[in-house]
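*Asks:* Submitted below is the structure of interest, expressed as structure tokens.
The values are calculated or read from the model by the stated rules, or taken from the named source; none is laboratory data. Computed from a predicted structure; not experimentally measured. Cβ atoms come from the backbone with ideal geometry, glycine included; neighbour counts cover every protein chain shown. Quick note on the areas: whole protein, heavy atoms, side chains included, nothing else; ligands and nucleic acids left out. Shrake-Rupley method; radii C 1.70, N 1.55, O 1.52, S 1.80 Å.
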Amino acid sequence: MMKKIEKTFEMQDTTEKKNPIRYINAHNGGIQMYGNGCGELVAWGKTPEMIAYALKTKGIADNVAGGSSMDFASEEGFANDEDAMTLWNDAIAVFNWEVNGVAE
């Protein structure tokens, strides 16, 4: 039996420039991350490690806003409504550890 390959990450902004993540949305069981421009999709990630990678690569703004889909994540491919925020918080924990050496 062949194992199904599941996509867990996609970087839309492939430039080497910083483009700090300023806005997030739950989407397809993962989190879409947006940068400087309105509606400028930077990356999508489905694991804490991949989201943290996008944050390390592109940067993170001082304030990150979330769309209502973060509160209604079960409508966007998550098992429960709180799962998108759990994924985001887990990604921030990975980011903080890898970049700042700080554990929660």
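*Asks:* Here's a check for you: in the stretch 62-74, which residue that is under 15 Å from Q32 (Cβ atoms) and touching a residue at least 24 places away in the same chain (Cβ under 8 Å) is most open to solvent (accessible area, probe 1.4 Å)?
*Replies:* Step by step, filter the stretch 62-74, then rank; the result is F72.
*Asks:* What tally of residues in the stretch 17-48 results from selecting those that are over 16 Å from D83 (Cα atoms) and aromatic (F, W, Y)?
*Replies:* Count: 2.
*Asks:* Take T14 and decide whether it is among the hydroxyl-bearing types (S, T, Y) and more than 21 Å from L87 (Cα to Cα).
*Replies:* On the way: among the hydroxyl-bearing types (S, T, Y): yes; more than 21 Å from L87 (Cα to Cα): yes.
So T14 fits the description; yes.
*Asks:* Still on this structure, please answer the following. I need a count of the residues in the stretch 78-101 that are open to solvent by 50 Å² or more (accessible area, probe 1.4 Å), at pLDDT 95 or above and of a type in the set (A, V, I, L, M).
*Replies:* 2
*Asks:* Of the residues in the stretch 12-45, how many are touching a residue at least 40 places away in the same chain (Cβ under 8 Å) and basic (K, R)?
*Replies:* Within the stretch 12-45, the subset touching a residue at least 40 places away in the same chain (Cβ under 8 Å) is 13, 18-31, 45.
Restricting the remaining residues to those that are basic (K, R) gives 18, 22.
Qualifying residue count for the region: 2.
*Asks:* While we're on this one: Scan the stretch 1-50 for residues that are at pLDDT 95 or above and within 16 Å of F78 (Cα to Cα) and report the count.
*Replies:* Adding up the residues that qualify gives 14.
*Asks:* Still on this structure, please answer the following. Please specify each residue of the stretch 29-61 satisfying the condition of being on the phi > 0 side of the Ramachandran plot and surrounded by 14 or more Cβ atoms within 10 Å (Cβ to Cβ). Lay out the reasoning, then the answer.
*Replies:* Of all residues in the stretch 29-61, those on the phi > 0 side of the Ramachandran plot come to 29, 39, 59.
Those that are on the phi > 0 side of the Ramachandran plot and surrounded by 14 or more Cβ atoms within 10 Å (Cβ to Cβ): G29, G59.
*Asks:* Do we find that A26 is farther than 23 Å from A103 by Cβ and crowded, with 19+ Cβ neighbours inside 10 Å in this structure? I'd like the intermediate steps shown before the answer.
*Replies:* Details: farther than 23 Å from A103 by Cβ: yes; crowded, with 19+ Cβ neighbours inside 10 Å: yes.
Yes, satisfied.
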